[in-house]
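**Student:** Below you'll find the structure I mean.
The values are calculated or read from the model by the stated rules, or taken from the named source; none is laboratory data. For clarity, every value in this text was computed on a predicted model and none was experimentally measured. Positions of Cβ are generated from backbone atoms using ideal geometry, with glycine treated the same way; all protein chains shown enter the neighbour counts.
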Amino acid sequence: MLNRAIMNIPDSVVSPALLGEALGPPIAGKKVPALADLNWFALSVKNRHEKVVRQLLTNKGFETFLPLYTRRHQYARRAREFDLPLFPGYLFCKFDPTACLPIVTTPGVLRLVGFGRTPVPLDRVEIASIQKAIEARIPVVPYPYWHSGQKVRIRSGALAGVEGVVVGDRPTFRLVLSVTLLQRSVLLEIDASRVEMAEEAHAGSYL
């Protein structure tokens, strides 16, 4: 009955008041957290539906954060700029994890990011840092999340196609190239812009 009551309310007109009616009166003794006390959570959403889901959740009274960046595309006769998500397929939202039914029933939301069925809050400092960069209009673009021990493939230059393991996260990577059968390795440094995920490189080769 609860799911039906909520789903029958058009998302474009859902308000906190209507949502409260659908969910019923608050549980006695349960303190409703203030908006400032709520944590940020990540929502996995349908591809290219980030802006739509943001609007639906905003209409429901939730605070959301969808960081965007501008990408310029050059056509034959003109250029056009697009505002695209910095984290495609994800949207940040503040909510009480013990009352997330209005979130998961929103069209376009696939799941809450966490462990199993438990949503895990995001680091407040990390989110605040991104928000400050966006508000300050600092140019930002998506960038691979490299970490030591990650296998990568060199995609350009004289060493194109060579695979190795990241052992440093500086602008110039230090890669370990190994011959497993011989149990021997060599070390080299290369500019980070010439490196890509090894798994993605293999997947692309079959397209």
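**Student:** Within the bounds of the range 110-126, is there any residue that is part of a helix (DSSP H, G or I), under 29 Å from R71 (Cα atoms), hydrophobic (A, V, I, L, M, F, W, C) and not assigned by TED's automatic domain parsing to the domain that holds V195?
**Tutor:** yes
**Student:** Within the range 86-94, can one find any residue that is out of contact with any Cys (no Cβ under 6 Å at 6 or more places or on another chain), at pLDDT 95 or above, over 29 Å from S193 (Cα atoms) and not hydroxyl-bearing (S, T, Y)?
**Tutor:** yes
**Student:** Follow-up. On the basis of being modelled with pLDDT under 65, surrounded by fewer than 15 Cβ atoms within 10 Å (Cβ to Cβ) and of a type in the set (V, I, T), does T180 make the cut?
**Tutor:** yes
**Student:** Return yes when D83 is touching a Leu at 6+ places or on another chain (Cβ under 6 Å) and acidic (D, E) and no when it is not.
**Tutor:** Spelling it out, D83 is indeed touching a Leu at 6+ places or on another chain (Cβ under 6 Å) and acidic (D, E).
**Student:** Right, another one. Please tell me if T70 is more than 18 Å from E126 (Cα to Cα) and without any contact (Cβ under 8 Å) to a residue 12 or more places away in the chain.
**Tutor:** Taking the combined requirement at face value, the residue does not satisfy it.
**Student:** Anything in the range 95-132 that is hydrophobic (A, V, I, L, M, F, W, C), under 18 Å from the mean Cα position of the chain (by Cα) and modelled with pLDDT of 85 or more? List them, or say none.
**Tutor:** Within the range 95-132, F95, I103, V104, V109, L110, L112, V113, F115, V120, L122, I127, I130 qualify.
**Student:** Applying the selection to the range 117-152, what residues are out of contact with any strand residue (DSSP E or B) (no Cβ under 8 Å at 6 or more places or on another chain) and among the polar types (S, T, N, Q)?
**Tutor:** Within the range 117-152, T118, S129 qualify.
**Student:** Among L122, L68, L43, L110, which is in contact with a Lys or Arg (Cβ under 7 Å, 6 or more places away or on another chain) and surrounded by 14 or more Cβ atoms within 10 Å (Cβ to Cβ)?
**Tutor:** After applying the criteria, what remains is L110.
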